[in-house]
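The structure appears below as structure tokens.
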Amino acid sequence: IGTLSTLQQKKIKRLLAFSSITHVGFILIGFTSSNINNIQYILFYVLIYIVTNINLWTLYQSLIINNKHIKYLVQLSNIFKINKIIAFIIVINVFSLAGIPPLAGFFSKFFIFLSALKNNYFSLIFFSILISIISSVYYLKIIKIIFFDKPQEKNILLAPINKFNSYVLIINTEIILLFFLFPDIFLTKLHKYYLYFLI
């Protein structure tokens, strides 16, 4: 439902809202197993999803084009030529949500699918992978708009992002980028935290 609804959205806010329904579905897959070790995989998925969404919502609130806050996807058209750093941050976060390797979003989905695989839920995994592939369509649509679509207005003025939001974007994007280099650090910390709360 979340994926099919997202495919029809033109507003950024609604796209992010409906895509969250899809990701909640992926999170629930982790609860199909009675193995307590799945908790760390669920927490990891939630953590990466929160980090990625903080970035995208921060961008949504921060991007002001021609003195107007952005609302529609088409307003991101050709933003790569205006500000390459912002375009790069959007691409990294969108690819992570889509589960493109080697970003953190790929590993979060992989561990969730692995937990279902251990319980022989093959049909569920197949359906989930299919939904993930379909959902990548609207993520790729965002990339297309950023890099290839022509802007609706000739003169585009992009307001600078304040320092606090800039730090949030940089730190969170680094987390998404660097996870594949140091996956053990993240998973070990999560394992310790959930064991602490269980005790």
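The values are calculated or read from the model by the stated rules, or taken from the named source; none is laboratory data. As the structure is a computational prediction, the values presented were derived from the model and not from experiment. Reconstructed Cβ throughout: ideal geometry from the backbone, glycine too, with neighbour counts over all protein chains shown. Side chains included, ligands, DNA and RNA excluded: accessible areas come from the protein's heavy atoms. Shrake-Rupley method; radii C 1.70, N 1.55, O 1.52, S 1.80 Å.
Go through Phe126, Phe113, Phe148, Phe106 for me and flag whichever is aromatic (Phe, Trp, Tyr) and open to solvent by less than 40 Å² (accessible area, probe 1.4 Å). Of Phe126, Phe113, Phe148, Phe106, the one residue that is aromatic (Phe, Trp, Tyr) and open to solvent by less than 40 Å² (accessible area, probe 1.4 Å) is Phe113.
Here the condition is being small (Gly, Ala, Ser) and without any contact (Cβ under 8 Å) to a residue 60 or more places away in the chain; of Gly99, Gly105, Gly30, it holds for Gly99 alone. Total residues in region 61-91 satisfying the condition of being open to solvent by 70 Å² or more (accessible area, probe 1.4 Å) and of a type in the set (S, T, N, Q): the figure is 2.
Within region 30-78, being basic (Lys, Arg) and either within 18 Å of the chain's Cα centre (by Cα) or modelled with pLDDT of 85 or more (or both) holds for one residue alone: Lys71. Please verify whether region 93-104 includes one or more residues that are among the aromatic types (Phe, Trp, Tyr) and assigned to a helix (DSSP H, G or I). Yes, region 93-104 has at least one match. In this structure, does Lys189 turn out to be at pLDDT below 70, surrounded by fewer than 11 Cβ atoms within 10 Å (Cβ to Cβ), out of contact with any Lys or Arg (no Cβ under 9 Å at 6 or more places or on another chain) and among the basic types (Lys, Arg)? No, not satisfied.
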